[in-house]
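Here's the structure, in structure tokens; my notes come after.
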Amino acid sequence: MPFFQLNDDHIVPDDLGDFDPETVPRALAAFGGRVLTKGMELAMHAHRKDELVLTMRGIVRLEAGHGVWIVPPRCAVWIPGTVPHSVSVVGDVEMYCLFVEPDAAPTLPRQCCALSISPLLANLLVHATNMPVMYDVDGADGRIATVLLDQLAAAPAEELRFPMPADSRLRRIARAMMENPSDRATIEDWGRRIAVAPRTLTRILQRETGMSFGRWRQQLHILIALQRLDQGASVQAVALDLGYEGASAFVTMFRKALGKPPARYLAERRAH
């Protein structure tokens, strides 16, 4: 029996009532599926267990630690236990959450990171959502759980984080850019908008993220572009949505940042 089932609006508990995956005395517990929503947000919270949030379709944004992950399909965010995080989803979303006992995956990072998920690992996780809650650790499902954890430990990390500064003024800018990624305002423009010297903003941003303003905004654009392109948007449409004059300028930026043009990058990801 799955932990959760889906209705047309959101994930809801099944007839297990207020079942909590964290109380399951097993190495792992999983739930998820496809959901249509006009917008849903889980406020900042933390778990005792480690958690993996896998996106297969749609827009999932997760804030944890000092970063925001705009999770592209077939990628996941690893969240160690006790780390506060929030999750927001909108539209046609397919996502899966895996809870792992910390001592069951000791080699996985103890800080938040993005992981590239192979087709095998994705299929194992989907299978886990349909395993009995108290699966037989010595049976077939127990062996599936072992293989899943082995594959998870081998998943490569990806640089898919948008650094979220602690400074409240920079966080205000970050949220505004996420809401309106086509805004091409410079750091000088932002300084005038929020009445803070651009030099001050630049210094704090460098100290807290290690990035210039241009590189910081570019990282956000890359993450948004990966999502929209994977959903079938054209390069031209994505370029305009992100405020570029045309596809050529966007492709040049993308190639410099990731080493290959968007079509090739996505084709290689899908073949992974």
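The values are calculated or read from the model by the stated rules, or taken from the named source; none is laboratory data. These numbers come from a predicted model, not from an experiment. Cβ coordinates were reconstructed from backbone atoms using ideal geometry, including for glycine residues, and neighbour counts include every protein chain displayed.
Points worth noting:
- Long-range neighbours under 9 Å by Cβ, at least six apart or interchain, first residue under 12 Å from Ile173 (Cβ atoms) and assigned by TED's automatic domain parsing to the domain that holds Asp183 within the stretch 198-213, second part of a helix (DSSP H, G or I) and among the acidic types (Asp, Glu): Pro198/Glu188; Pro198/Asp189
- Test: residue in the stretch 212-233 that is surrounded by fewer than 18 Cβ atoms within 10 Å (Cβ to Cβ), among the small types (Gly, Ala, Ser) and more than 24 Å from Met164 (Cα to Cα): yes
- The lone exception for Asp183 - which of (1) of a type in the set (Asp, Glu); (2) modelled with pLDDT of 90 or more; (3) part of a helix (DSSP H, G or I) it fails: (3)
- Yes/no for Ser182 being touching an Asp or Glu at 6+ places or on another chain (Cβ under 9 Å) and either touching a residue at least 24 places away in the same chain (Cβ under 8 Å) or under 21 Å from Ala257 (Cα atoms) (or both): yes
- Screening Met44 with (1) more than 25 Å from Gly142 (Cβ to Cβ); (2) modelled with pLDDT under 80; (3) over 11 Å from the mean Cα position of the chain (by Cα) gives one miss only, at (2).
- Test for Pro109: is it surrounded by fewer than 21 Cβ atoms within 10 Å (Cβ to Cβ), assigned by TED's automatic domain parsing to the domain that holds Asp141 and under 13 Å from Leu149 (Cβ atoms): no
- Annotation note: of Val93, Val83, Val60, the sole residue that is without any contact (Cβ under 8 Å) to a residue 40 or more places away in the chain, crowded, with 20+ Cβ neighbours inside 10 Å and either farther than 16 Å from Glu159 by Cα or in contact with a Lys or Arg (Cβ under 7 Å, 6 or more places away or on another chain) (or both) is Val60.
- All told, Asn180 meets the bar of being in the same structural domain as Ile204 (by TED's automatic domain parsing) and either surrounded by fewer than 14 Cβ atoms within 10 Å (Cβ to Cβ) or out of contact with any Cys (no Cβ under 7 Å at 6 or more places or on another chain) (or both).
- Matching residues, the stretch 226-253, being farther than 15 Å from Arg184 by Cα and modelled with pLDDT of 90 or more: Ser234, Val235, Gln236, Ala237, Ala247, Ser248, Val251, Thr252
- Residue in the stretch 158-177 that is surrounded by 12 or more Cβ atoms within 10 Å (Cβ to Cβ), closer than 25 Å to Tyr265 by Cα and of a type in the set (Phe, Trp, Tyr) present: yes
- Within the stretch 81-136, the set of residues being of a type in the set (D, E, K, R) and under 20 Å from the mean Cα position of the chain (by Cα) comprises Asp92, Glu94, Arg110.
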